[in-house]
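Single-structure report; data block below.
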Amino acid sequence: MKNILLVLFTLLSISIHAQFSNMIVFIGPKFNFNISKGENRFSGAIEASAWTFNSNADIPIGADFGVEFEKDRCRIYGEFQAGALLGLSLGPVVELTKENQVFGFQSSVWAAVFLGTDFRYRRINSSNYFAPGFFFKVPILKQGSNGLF
């Protein structure tokens with residue numbers, strides 16, 4: 001049930017942004033090095049984000065959704081985002097292993113155009129992670145006054 005709520009929350013976030021007249025959707029790979037008190041590991045993800053540039057905010061706002069794979073676990077997350085060349089993200093995350101599923105949250109500070117870097121903090125089940133990483137995203141959809149590109 002909690003997984004369904006996370007997915008619905010993420011889809012609702014993206015659909016709200018789809019109502020704006022100028023929206024761009026990006027997709028691409030993401031890689032992080034997850035540092036914690038225990039074992040440090042690399043992870044890879046596929047991440048999609050939707051951004052709107054026609055709102056009352058002074059900076060672009062958006063939402064992203066990602067699926068991240070690590071050695072023995074998978075994470076599904078959604079985040080609200082704000083920024084342009086520099087930005088902030090915050091949202092829920094669920095970590096799935098063979099034994100259980102655990103909920104938490106994560107936040108990132110990032111710098112990007114198409115290629116970017118981020119510094120992510122994640123808290124899951126009373127464990128803290130610092131996960132520096134990099135990503136590459138390409139636009140796949142643009143919706144605006146001139147239609148789709």
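Laboratory data are not the source of any read-out in this text; all were calculated from the coordinates shown. This is a predicted model, so every value here is computed, not measured. Please note: Cβ atoms are built from the backbone with ideal geometry, for glycine as well, and neighbour counts cover all protein chains shown.
Neighbour counts of other C-beta atoms within 10 Å: give me Ser49, Ser43 arranged from fewest to most.
Ser43, Ser49
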Requested in this report: Would you please give the FRET efficiency between Phe80 and Glu39, computed as 1/(1 + (r/R0)^6) with r the Cβ-Cβ distance and R0 = 35 Å, to the nearest 0.05?
Outcome: 0.70
Query - Packing-based exposure ordering (other Cβ within 10 Å, fewest first) of Tyr121, Tyr129 - result: Tyr121, Tyr129
Query raised in the report: Hey, rough spin-label estimate for Ser127 and Leu90, points 7 angstrom out along Cα→Cβ, what's it come to in nanometres?
Result: 2.5 nm
Query - Proxy reagent accessibility, fewest Cβ within 10 Å first, across Ile59, Ile76 - result: Ile59, Ile76
Report summary line: Honestly segment 29-91 on the Cα gyration tensor test (a ≥ b ≥ c root eigenvalues; a/c under 1.5 rounded, otherwise a/b vs b/c for prolate or oblate) is just prolate
